[in-house]
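Before any comments, here is the structure.
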Amino acid sequence: MRSLVFLLLVAAASAKVFERCEWARVLKNNGMASYRGISLADWVCLSQWESHYNTRAINRNTDGSTDYGIFQINSRYWCNDGGVSSANGCNIPCSALRTDDVRAAITCAKRVVRDPNGIGAWVAWRNHCQNQDLRSYLAGCGV
């Protein structure tokens, strides 16, 4: 019985790591295909390079801010983690970006791209996705 309880706790604490096509379908179903002219392939590419599709990804930056969740949304501008947060543009706690329910993360990502930098706010997108052939990110997904 103790082993079962332990396994359930481990499963509950582990991150949801999406498969590429599964993530593409989730994004499409949540209105991300062509959101503000950004292709679905761009979103999938961005998520691959930022978090490897991991909902619980976290990265601490040298400026004291932290990037959270599947989109690696930064705490300095977009969410509040009690640290260097100054703007909280998405009006959410950063912990909301690290759950398996990705609706808050998607809503916040939509808010980020409405800013002047658009999808270019993500360094990983600029370095790995911008001006690249992204067809492979949706290949075989049927989206």
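The values are calculated or read from the model by the stated rules, or taken from the named source; none is laboratory data. These figures come from a predicted structure and were not determined experimentally. Cβ atoms come from the backbone with ideal geometry, glycine included; neighbour counts cover every protein chain shown. Ligands, DNA and RNA are excluded from the accessible area calculation, which covers all protein heavy atoms including side chains. Shrake-Rupley method; radii C 1.70, N 1.55, O 1.52, S 1.80 Å.
Things to note:
- Unique match (being touching a Gly at 6+ places or on another chain (Cβ under 9 Å) and among the hydroxyl-bearing types (Ser, Thr, Tyr)) among 47, 95, 51, 86: 51
- When region 43-70 is filtered for residues that are open to solvent by less than 40 Å² (accessible area, probe 1.4 Å), of a type in the set (S, T, N, Q) and assigned to a loop (DSSP other than H, G, I, E, B), the ones remaining, listed by number, are 55, 65.
- All conditions in (1) open to solvent by 30 Å² or more (accessible area, probe 1.4 Å); (2) farther than 16 Å from residue 107 by Cβ; (3) of a type in the set (Val, Ile, Thr) hold for residue 26, with the sole exception of (2).
- Checked against the criterion of being among the small types (Gly, Ala, Ser), under 16 Å from residue 102 (Cα atoms) and part of a loop (DSSP other than H, G, I, E, B), region 21-37 has at least one qualifying residue.
- First in region 80-100 and acidic (Asp, Glu), second anywhere and at pLDDT 90 or above and buried (at least 19 other Cβ atoms within 10 Å of the Cβ), Cβ under 7 Å, 6 or more apart: 81/66; 81/75; 81/94; 100/55
- In a residue-by-residue description of region 71-81, the property of being of a type in the set (Val, Ile, Thr) and open to solvent by 20 Å² or more (accessible area, probe 1.4 Å) applies to no position.
- Top-ranked residue of region 92-121 - restricted to ones that are hydrophobic (A, V, I, L, M, F, W, C) and assigned to a loop (DSSP other than H, G, I, E, B), ranked as farthest from the chain's Cα centre (by Cα): 92
- Only listed residue being touching a Leu at 6+ places or on another chain (Cβ under 8 Å) and either part of a helix (DSSP H, G or I) or open to solvent by less than 70 Å² (accessible area, probe 1.4 Å) (or both), chosen from 87, 124: 124
- Extreme residue, modelled with the lowest pLDDT, among residues of region 1-16 that are open to solvent by less than 80 Å² (accessible area, probe 1.4 Å) and not in a helix (DSSP H, G or I): 14
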